[in-house]
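Undergrad: Sharing a structure, written as structure tokens. Questions coming.
The values are calculated or read from the model by the stated rules, or taken from the named source; none is laboratory data. Note that the structure is predicted; figures quoted are calculated from it, not measured. Quick reminder, even Gly has a Cβ in these numbers, built from the backbone with ideal geometry, and neighbours come from all protein chains shown. The area values use the complete protein model at the heavy-atom level, side chains included, leaving out ligands, DNA and RNA. Shrake-Rupley method; radii C 1.70, N 1.55, O 1.52, S 1.80 Å.
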Amino acid sequence: MAQSPRFYAHPLAGAPPPGPAGLVLSGGGARAAYQVGVLQVIAALTAPQTPTPFPIVCGTSAGAINATVLAAHAGDFRQGVGRLLAVWRNFRTHQVYRSDPFGVALSGAKWLLAMMAMGLGRHNPASLLDNAPLQRLLESALDFGAIERAIGAGDLRALSVTASGYTSGESVSFFQAAPSLKPWRRARRLGVATRICTPYLMASAAIPFFFPAVKIHREYFGDGSMRQIAPLSPALHLGADRLLVISVGRKADNSPERAPPAEYPSLAQIAGHALNGIFLDNLEVDLERLQRINVTSALIPPETMRETGLALRPIECLVISPSSPLEEIAARHVEDLPRPIRYLMRGIGATARSGSALASYLLFERAYCRALIRLGRRDALARRDEIAAFLRVSPENVPSSRGDFADMPSGSRSA
């Protein structure tokens, strides 16, 4: 469908040819709705019916699912973003995990029986929640064959999704890429060439304790954010010279206020703190590491690099992260959860404001997801000049209001 030119910008005249751009989408369960709002603004900067500006796409956990949708639509970036918007702005919990009374009671009973048996049973419960609905959704909605077609057409260079091995303790980035890209191995992390399909996404998004691990080959894998000490590494191994990173956590305050605790932390508060550590901390550390490498490489003369064989190269990196705490938004929407899940969350303290960090990862409900999409869009619009410079396009005609997004592809009207 033809679109008005005012919704995109042409490449800047005289701009140097950019190197391969990588898109890195971090994990975070329902928080990944924020990424879709940012992507909506990026899509508005691109011409209709053109390939993705990110030939290298890497994702972890829910970010791996978003990355795979974009890879499958690499020939038409706007269409891919439109598909993501159509799903995320209409999400319901039952599409991700069972939220009916029988399903919740069955999972809870397995945990209760396991604790009462004191480990004497032959089988441990797999998870607190049953995410079989997510598997059915992925199998029905995703054309995995489109990934290979996009690579063959030259629209996509590589797709990577990361999962964590429970036995080996290794962070494994499963990638589907052009034949010239080879596997890699580093300390506790490696890249394995394969054809991406549903089990890899289910493994990457298997939030510990809440969703079951997935057996791939001879090992069980869980959420890729666990033990992912270098979240930017897969994109760099796959040849990216520039990185656009969409995080789902606010940048840490170097001097947070330390108020005296009112009471002992709830189970939800402890679990939310643990999930924040899994999903958010490693990315911040890796970004600091990249900044130090960029400074170091700028100080070393090129001839010294050649003589010593140092493989350092500066990496342009743009990070978009939430301007508001997502747990505070979750606290306003926690009552939207289905009643059985709400009772379960209330029992462990996740419906209280202090436990809302946990709810922010599991709240797959349309009002919450739409609020995150709006926040992502607002944050990206506030930085559209930086995004345009990264993409080497002019920002002068970028949409600046909700109504300007009405002509996005079918299914992608703004929240």
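Undergrad: When the residues of the stretch 230-251 are filtered to those that are assigned to a loop (DSSP other than H, G, I, E, B) and open to solvent by 50 Å² or more (accessible area, probe 1.4 Å), which remaining residue is modelled with the lowest pLDDT? So that I can check it myself, show each step before the final result.
TA: Kept after step one, since they are assigned to a loop (DSSP other than H, G, I, E, B), are these residues of the stretch 230-251: 230-232, 238-241, 247-251.
Narrowing further to those that are open to solvent by 50 Å² or more (accessible area, probe 1.4 Å): 241, 250-251.
Working: 241: 91, 250: 71, 251: 62.
Within the stretch 230-251, the match that is modelled with the lowest pLDDT is 251.
Undergrad: Within the stretch 178-213, which residues are touching a Pro at 6+ places or on another chain (Cβ under 8 Å) and open to solvent by 30 Å² or more (accessible area, probe 1.4 Å)? Walk me through how you get there before you give the answer.
TA: Step one: list which residues in the stretch 178-213 are touching a Pro at 6+ places or on another chain (Cβ under 8 Å), which gives 190-193, 206.
Those that are touching a Pro at 6+ places or on another chain (Cβ under 8 Å) and open to solvent by 30 Å² or more (accessible area, probe 1.4 Å): 192, 193.
Undergrad: Further, regarding this structure: Can you list the helices (runs of 4 or more DSSP H) lying wholly within the stretch 297-415 that have 2 or more residues being modelled with pLDDT under 95, closer than 14 Å to residue 30 by Cβ and hydrophobic (A, V, I, L, M, F, W, C)? Don't jump to the end; show me each part of the working.
TA: Details: elements: 302-308, 326-333, 339-347, 356-362, 366-382, 384-391.
So the answer is 326-333, 339-347, 356-362.
Undergrad: Which of (1) at pLDDT below 80; (2) surrounded by fewer than 16 Cβ atoms within 10 Å (Cβ to Cβ); (3) not in a loop (DSSP other than H, G, I, E, B) is the odd one out, the single condition residue 261 does not satisfy?
TA: Condition (3) is where residue 261 drops out.
Undergrad: Same structure, new question: Filter the stretch 91-113 down to residues that are hydrophobic (A, V, I, L, M, F, W, C) and modelled with pLDDT of 90 or more and give me whichever is nearest to residue 377 (Cα to Cα). Full working, then the answer.
TA: Looking only at the stretch 91-113, we keep the residues that are hydrophobic (A, V, I, L, M, F, W, C), and these are 91, 96, 102, 104-106, 109, 111-113.
Next, from what is left, pick out any that are modelled with pLDDT of 90 or more: 91, 96.
Numbers: 91: 18, 96: 24 Å.
Here the answer is 91.
Undergrad: Go through 56, 65, 42 for me and flag whichever is of a type in the set (Val, Ile, Thr), touching a Ser or Thr at 6+ places or on another chain (Cβ under 9 Å) and open to solvent by less than 10 Å² (accessible area, probe 1.4 Å). Reasoning before the result, please.
TA: Details: 65 fails: open to solvent by less than 10 Å² (accessible area, probe 1.4 Å); 42 fails: touching a Ser or Thr at 6+ places or on another chain (Cβ under 9 Å).
Testing whether each residue is of a type in the set (Val, Ile, Thr), touching a Ser or Thr at 6+ places or on another chain (Cβ under 9 Å) and open to solvent by less than 10 Å² (accessible area, probe 1.4 Å) leaves just 56.
Undergrad: Run residue 88 past the list (1) surrounded by 22 or more Cβ atoms within 10 Å (Cβ to Cβ); (2) modelled with pLDDT under 75 and report the number of the one that doesn't hold.
TA: Tallying (1) surrounded by 22 or more Cβ atoms within 10 Å (Cβ to Cβ); (2) modelled with pLDDT under 75, residue 88 fails exactly one: (2).
Undergrad: If we scan the stretch 278-289, do we find a residue that is without any contact (Cβ under 8 Å) to a residue 40 or more places away in the chain and not in a helix (DSSP H, G or I)?
TA: No, every residue in the stretch 278-289 fails to be without any contact (Cβ under 8 Å) to a residue 40 or more places away in the chain and not in a helix (DSSP H, G or I).
Undergrad: While we're on this one: Considering only the stretch 155-201, state which residues are hydroxyl-bearing (Ser, Thr, Tyr), in contact with a strand residue (DSSP E or B) (Cβ under 6 Å, 6 or more places away or on another chain) and free of Cβ contacts under 8 Å to residues at least 40 places away in the same chain.
TA: Once the filter is applied, which keeps residues that are hydroxyl-bearing (Ser, Thr, Tyr), in contact with a strand residue (DSSP E or B) (Cβ under 6 Å, 6 or more places away or on another chain) and free of Cβ contacts under 8 Å to residues at least 40 places away in the same chain, the stretch 155-201 yields only 194.
Undergrad: Oh, and also: For the stretch 129-143, does any single residue satisfy the condition of being closer than 20 Å to residue 225 by Cα, at pLDDT below 95, among the hydrophobic types (A, V, I, L, M, F, W, C) and open to solvent by 10 Å² or more (accessible area, probe 1.4 Å)?
TA: no
Undergrad: Could you tell me which of the residues 356, 394, 360 is among the hydroxyl-bearing types (Ser, Thr, Tyr) and open to solvent by 20 Å² or more (accessible area, probe 1.4 Å)? I'd like the intermediate steps shown before the answer.
TA: On the way: 356 fails: open to solvent by 20 Å² or more (accessible area, probe 1.4 Å); 360 fails: open to solvent by 20 Å² or more (accessible area, probe 1.4 Å).
Selected residue: 394, the only one of 356, 394, 360 that is among the hydroxyl-bearing types (Ser, Thr, Tyr) and open to solvent by 20 Å² or more (accessible area, probe 1.4 Å).
Undergrad: Name every residue in the stretch 289-308 that is exposed (fewer than 12 other Cβ atoms within 10 Å of the Cβ) and of a type in the set (Gly, Ala, Ser), in order of residue number. Even if it seems obvious, please write down each step before you answer.
TA: Just the residues of the stretch 289-308 that are exposed (fewer than 12 other Cβ atoms within 10 Å of the Cβ), to begin with: 292, 295, 298-299, 301-304, 306-308.
The answer is 298, and nothing else.
Undergrad: Going by what's in this entry, would residue 50 be described as of a type in the set (Ser, Thr, Tyr), in contact with a helix residue (DSSP H, G or I) (Cβ under 7 Å, 6 or more places away or on another chain) and buried (at least 22 other Cβ atoms within 10 Å of the Cβ)?
TA: Working: of a type in the set (Ser, Thr, Tyr): yes; in contact with a helix residue (DSSP H, G or I) (Cβ under 7 Å, 6 or more places away or on another chain): yes; buried (at least 22 other Cβ atoms within 10 Å of the Cβ): no.
So residue 50 does not fit the description; no.
Let's see how each residue does on (1) surrounded by fewer than 23 Cβ atoms within 10 Å (Cβ to Cβ); (2) under 17 Å from the mean Cα position of the chain (by Cα):
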{"residue": "319", "(1), (2)": "yes, yes"}
{"residue": "340", "(1), (2)": "yes, no"}
{"residue": "345", "(1), (2)": "yes, no"}
{"residue": "349", "(1), (2)": "yes, no"}
{"residue": "352", "(1), (2)": "yes, no"}
{"residue": "372", "(1), (2)": "no, yes"}
{"residue": "375", "(1), (2)": "yes, yes"}
{"residue": "383", "(1), (2)": "yes, no"}
{"residue": "386", "(1), (2)": "yes, no"}
